[in-house]
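Structure record follows, encoded as structure tokens.
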Amino acid sequence: MKSFFAKDAALKIISFIISIILWIYIIAVIDPAVDVTVRDIPIQYIEQIKLADKGLSVLDYNKPTVEVKIRGSRKRLAKLDAKNVAATVDLSSVTEIGTHSLPVNITVPYEYQEVIFKKPSVVDVTVDKIVEERKNIEIIAKNGLKSGYIAGDIKVTPSSVLLKGASAIVNQVSSAKVELDYVESSADIYQSAKIMLFDSAGQLLESDNRLYQDVTSVDLYCPVMELKTVPVKVRYTGYLPGNIDSDDVKFTVIPSAVTIYAESDVVRNIDSISTLEVPLNNIRRTTETTVDLQIPDNISMRDDVRKVTVKIEFPE
């Protein structure tokens with residue numbers, strides 16, 4: 001009886017060993033086909049250069065990823081994932097604007113593999129005409145200068161940005177702006193600033209890789225000038241009537257003082273601004289006249305004041 005059970009146990013062991021050998025043979029030698037599902041494969045849109053050569057650009061597309069089921073060698077498909085399966089959509093056949101249904105093509109990096117399922121099998125791609133538009137760069141001022149100083153004419157390099165892309169995308173852009181931070185400065189400001197694009201409602205537009213910009217940032221130079229308020233002095237020419245002394249004539253200037261600005265070393269040497277000469281010949285009674293100011297070339301006038309009113313009063 002013991003001999004029977006011993007033989008039975010031996011047969012079981014031999015059968016187990018044979019089954020392992022057969023399993024190894026099937027896996028290692030025969031290598032049976034299996035089905036592997038790969039999800040979230042990003043779709044690549046190829047031949048966009050050929051599309052651009054026709055004056056067209058992708059405006060929108062659906063289903064940015066695809067799911068596939070692939071049948072093939074167990075050994076070869078063991079490491080298959082979304083990184084080594086390519087899903088492409090060929091745009092070279094598109095010749096006009098509108099929405100087009102295009103097939104999704106799957107490429108597996110091994111021979112003799114079969115794609116038995118893909119979802120989606122086609123995608124809708126919306127194509128629009130390519131347009132170009134140039135936008136001048138506008139300045140957004142941030143913070144302020146140090147008290148007693150004013151900004152001069154700001155230089156922006158380059159002064160504009162070229163936008164290129166699908167018409168519907170380019171037309172969303174209403175303005176291009178950069179931010180200049182005055183940082184309470186009393187000296188000239190040099191900064192680099194990123195270009196920001198805004199829609200017609202003044203909302204900042206998010207970055208869009210379908211929109212081409214020839215530049216994405218600019219250099220800013222802002223001269224900073226010192227402010228100074230100085231009195232206006234009247235200059236006159238001609239002769240007063242014989243019975244009137246010039247010291248008895250009263251000159252009233254409106255406004256009596258003006259604010260100038262220039263580089264600090266220039267401003268500090270200016271104590272007043274004079275009028276052009278007021279002719280006094282043949283004036284016999286109190287009168288008012290408008291006179292131009294004599295403004296030095298290196299001085300600017302705040303509020304662009306260039307004339308004053310001079311009231312000339314004679315003694316009674």
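Couplings for region 253-269, taken from phi via the Karplus curve 6.51 cos²θ - 1.76 cosθ + 1.60 with θ = phi - 60°, read 10, 10, x, 7, 9, 10, 9, 10, 8, 5, 4, 4, 5, 7, 4, 5, 9 Hz in order; Gly and Pro are left as x. One Cα centroid belongs to region 169-200, the other to region 261-300; the line between them spans 38 Å.
Site pair Val278 and Ser147 shows an inter-label distance of 3.5 nm when each label is modelled 7 Å from Cα along Cα→Cβ. For Leu163, the residues 5 or more places off, or on other chains, whose built amide H falls under 5 Å of its own are Glu133, Arg134, Lys135. Give the carbon-plus-sulfur fraction of the accessible surface of region 65-220 in %, rounded to a whole number; probe 1.4 Å, heavy atoms of protein chains only. Carbon-and-sulfur percentage of accessible area, whole number: 44.
Quick check: at a probe of 1.4 Å, how many percent of the accessible area of region 262-316 sits on carbon and sulfur atoms? Don't skip to the answer; put the middle values down first.
Details: 1330 of 3660 Å².
With neighbouring chains kept in place, the figure for region 262-316 is 36 percent.
Can you give the local net charge around Lys155? Use residues other than it whose beta-carbon is closer than 13 angstrom to its beta-carbon, Lys and Arg +1, Asp and Glu -1. Provide the component values of the computation, followed by the final result.
Numbers: positive: none; negative: Asp153, Asp188, Asp219.
Within the 13 Å Cβ shell, the charges total -3.
Take the cross-link list Lys164/Lys194; Lys79/Lys118; Lys146/Lys194; Lys146/Lys307; Lys142/Lys228; Lys135/Lys164 and give me the ones stretching past 21 Å between alpha-carbons. Kindly include the intermediate steps, with their values, before the conclusion.
Working: Lys164/Lys194 18 Å; Lys79/Lys118 19 Å; Lys146/Lys194 24 Å; Lys146/Lys307 29 Å; Lys142/Lys228 23 Å; Lys135/Lys164 11 Å.
Beyond 21 Å between Cα atoms: Lys146/Lys194; Lys146/Lys307; Lys142/Lys228.
Under a 5 Å amide H cut-off, with hydrogens placed 1.01 Å from N, Val278 pairs with Arg235, Tyr236, Thr237 among residues at least 5 apart or on other chains. Scanning residues 5 or more positions from His100 or on other chains, those with amide H under 5 Å from its amide H are Val125, Thr126, Val127, with H placed 1.01 Å from N in the peptide plane.
Taken about its Cα centre, region 180-237 carries a charge dipole of about 540 debye when Lys and Arg each add +1 at the Cβ and Asp and Glu each add -1 at the Cβ. Compute the FRET efficiency between Leu162 and Val122 as 1/(1 + (r/R0)^6), taking r as their Cβ-Cβ distance and R0 = 51 Å, and round to the nearest 0.05. According to the calculation, E is roughly 0.90.
Extension gain, Tyr45 to Ala86: 0.36 nm times the residue separation minus the Cα-Cα distance gives 13.7 nm.
The values are calculated or read from the model by the stated rules, or taken from the named source; none is laboratory data. If you're wondering where the values come from, they're calculated on a predicted model, not measured in any experiment. Methodologically, a virtual Cβ is constructed for each residue, glycine included, from the backbone with ideal geometry; neighbour enumeration extends over all protein chains shown. Accessible surface areas use protein heavy atoms only, side chains included; no ligands, DNA or RNA. Shrake-Rupley method; radii C 1.70, N 1.55, O 1.52, S 1.80 Å.
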